[in-house]
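Heads up: the structure comes next, in structure tokens.
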Amino acid sequence: MRHVGKIFALLLEFAALSEKSRREFLTMMNEFLLMSPVQRRRALIDWKNRVDDNSHDLPGDSSHR
């Protein structure tokens, strides 16, 4: 399992989330798991765009959230 390090890093980040954020994450993950392949591709594009948009924010700027 060559991705074990990434998995543990994700688990640590998940554990550091607030209870509300954990629920939001799990809801989004469950929705993703139930999506069709076409819906998954659209979701991935949307998520990548959101990450790209937030990468231009200054630290502490939460105007996109």
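Is there any pair with a first residue in the range 1-27 that is farther than 17 Å from W47 by Cβ and a second that is surrounded by 11 or more Cβ atoms within 10 Å (Cβ to Cβ) and at pLDDT 95 or above whose Cβ atoms are under 9 Å apart and which are 6 or more apart or on different chains, and what are they?
Final answer for the pair search is A15/R22; R22/F14.
Taking the conditions exactly as written (surrounded by 10 or more Cβ atoms within 10 Å (Cβ to Cβ), modelled with pLDDT of 95 or more and either touching a Ser or Thr at 6+ places or on another chain (Cβ under 6 Å) or among the hydrophobic types (A, V, I, L, M, F, W, C) (or both)), does L17 satisfy them or not?
yes
The values are calculated or read from the model by the stated rules, or taken from the named source; none is laboratory data. As the structure is a prediction and not an experimental result, all values here were calculated from the model. Ideal geometry is used to build each Cβ from the backbone, glycine not excepted, and the neighbour counts take in all protein chains shown.
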